[in-house]
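See structure below.
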Amino acid sequence: MTTTLFKVVALGTTITAGAVFADTTQDRTGWPEGFTVGTASQGGTYFAYGSGWASLVAEELGLTGGAEVTGGPMQNMALVHTGEAQFGMTTMGPAAESLAGTNPIAPGLQMTNACAMFPMYQTPFSVTALSSSGITSVSEIPAGARIGFGPAGSTSDTYFPRMMETLGVEFERRNGGWGDLGSQLQDGLLDVIAFAAGVPVPAVSQLEVQTDVNIIEFTEEEQAKLLEAFPVSEFEIAADIYTTLEAPARSVSMWNFAVANCDLPASFVKATVDVVMSDNERMMNIHRAARSTLPENWDKNKVMKWHPGAAEWFKENAGADIPDDMIHSAM
């Protein structure tokens, strides 16, 4: 299998070895000298969130580490499975498809060497249009509308077109990074952006500063159709997330998890999980989506096997009752 890793590293997200918080008493047998976190396109939540925790872990553990721009969850599963990236971020839908061998990057390959590491947050599916478009609901999206669905192969691109079809929307499909799609929307090259990303989405927040936008919620009927047809749950985008919102916006969501290559040393993964999960306030300073990066959300993983180091941390610190058959074994 050949997989392309986009070699774009966030400025300021790589931390060199020798950080002041490194614990030199840890057993570091087999630890890598550095690590990479597969994220997604710049302008999206994955990149902002992933760059932040990569820097935090690198600083605390005294390693070289940073975030890589990728095509998103599907590619991250492939990169972590093959070991081209030590860590990555995915949503449960793409994770399930990757384990089943239906990941479009490598059809037929069951990506079982990517293990669950820690819960991140829920990804809401939401629609954004310029106020000047007059589009205030999904039903008002005109036939043939140019809709940006995010990077090809991303969670948004994988599921949102199907969702729009389920809701009866006819559209022209466009792909690209979130920042680029935001610019295209503002320039009139797109009619709508269909976001699947942790909130606040940086590209939407930037748009709010520059122009007037409509953040479009689903109706109760539309939400019910999506809940029936897709592996999603009910979600409300809180009113304080965006300045545009005056009330919570009805949505649906899919859980995100960080994943680790299953062959990484248990002590390394456990130490990484401890850095991320032990101080939620610090994670919230990275991105507000981290309000759900909490130990008690370990049970939201019903798809992937756990990395042994991660499972050990959650058992010790969150009282997690993880069955043995849900923990990866090299045997």
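Listing for the model above:
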read-out	value
Residue within the range 295-305 that is in a helix (DSSP H, G or I), aliphatic (A, V, I, L, M) and in contact with a strand residue (DSSP E or B) (Cβ under 7 Å, 6 or more places away or on another chain) present	no
When residues of the range 181-240 are limited to those that are more than 24 Å from residue 51 (Cα to Cα) and of a type in the set (Val, Ile, Thr), the one surrounded by the most Cβ atoms within 10 Å (Cβ to Cβ)	192
Members of the range 241-275 found to be assigned to a helix (DSSP H, G or I) and open to solvent by 60 Å² or more (accessible area, probe 1.4 Å), listed by number	274
The range 64-105: number of residues that are among the hydrophobic types (A, V, I, L, M, F, W, C) and open to solvent by 10 Å² or more (accessible area, probe 1.4 Å)	6
Unmet criterion (only one of (1) under 29 Å from residue 52 (Cβ atoms); (2) small (Gly, Ala, Ser); (3) not in a loop (DSSP other than H, G, I, E, B)) for residue 176	(3)
All positions within the range 216-257 that are touching a Pro at 6+ places or on another chain (Cβ under 8 Å) and closer than 20 Å to residue 72 by Cβ	235, 251, 252, 253, 254, 255, 256, 257
Matching residues, the range 264-292, being in contact with a His (Cβ under 9 Å, 6 or more places away or on another chain) and not aliphatic (A, V, I, L, M)	270
Contacts under 8 angstrom Cβ, first residue in the range 93-112 being at negative phi, partner surrounded by 14 or more Cβ atoms within 10 Å (Cβ to Cβ) and among the basic types (Lys, Arg), 6 or more apart	112/305
Search result, residues across the range 126-145 that are at pLDDT 95 or above, buried (at least 16 other Cβ atoms within 10 Å of the Cβ) and not in a helix (DSSP H, G or I)	127, 128, 129, 130, 135, 141, 145
From 310, 289, 320, residue being open to solvent by less than 90 Å² (accessible area, probe 1.4 Å), of a type in the set (A, V, I, L, M) and free of Cβ contacts under 8 Å to residues at least 60 places away in the same chain	320
Which numbered condition residue 193 misses (of (1) closer than 21 Å to residue 288 by Cβ; (2) without any contact (Cβ under 8 Å) to a residue 24 or more places away in the chain)	(2)
Residues of the range 185-214 that turn out to be in a strand (DSSP E or B) and within 20 Å of the chain's Cα centre (by Cα), as a count	4
For residue 221: the one exception among (1) within 22 Å of the chain's Cα centre (by Cα); (2) under 28 Å from residue 201 (Cα atoms)	(1)
Residue 303 being under 30 Å from residue 219 (Cβ atoms), buried (at least 20 other Cβ atoms within 10 Å of the Cβ) and in contact (Cβ under 8 Å) with a residue 24 or more places away in the chain	yes
Residue 111 within 17 Å of the chain's Cα centre (by Cα), crowded, with 21+ Cβ neighbours inside 10 Å and of a type in the set (A, V, I, L, M)	no
The range 151-180, residues that are β-branched (Val, Ile, Thr) and open to solvent by less than 10 Å² (accessible area, probe 1.4 Å)	155
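Here's the yes/no breakdown for (1) among the aromatic types (Phe, Trp, Tyr); (2) outside any helix (DSSP H, G or I); (3) without any contact (Cβ under 8 Å) to a residue 40 or more places away in the chain:
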| residue | (1), (2), (3) |
| --- | --- |
| 35 | yes, yes, no |
| 46 | yes, no, no |
| 55 | no, no, no |
| 59 | no, no, no |
| 67 | no, yes, no |
| 71 | no, yes, no |
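The values are calculated or read from the model by the stated rules, or taken from the named source; none is laboratory data. Source: prediction; values computed, not measured. All Cβ positions, even for glycine, are placed from backbone atoms using ideal geometry, and neighbour counts span all protein chains on display. Side chains included, ligands, DNA and RNA excluded: accessible areas come from the protein's heavy atoms. Shrake-Rupley method; radii C 1.70, N 1.55, O 1.52, S 1.80 Å.
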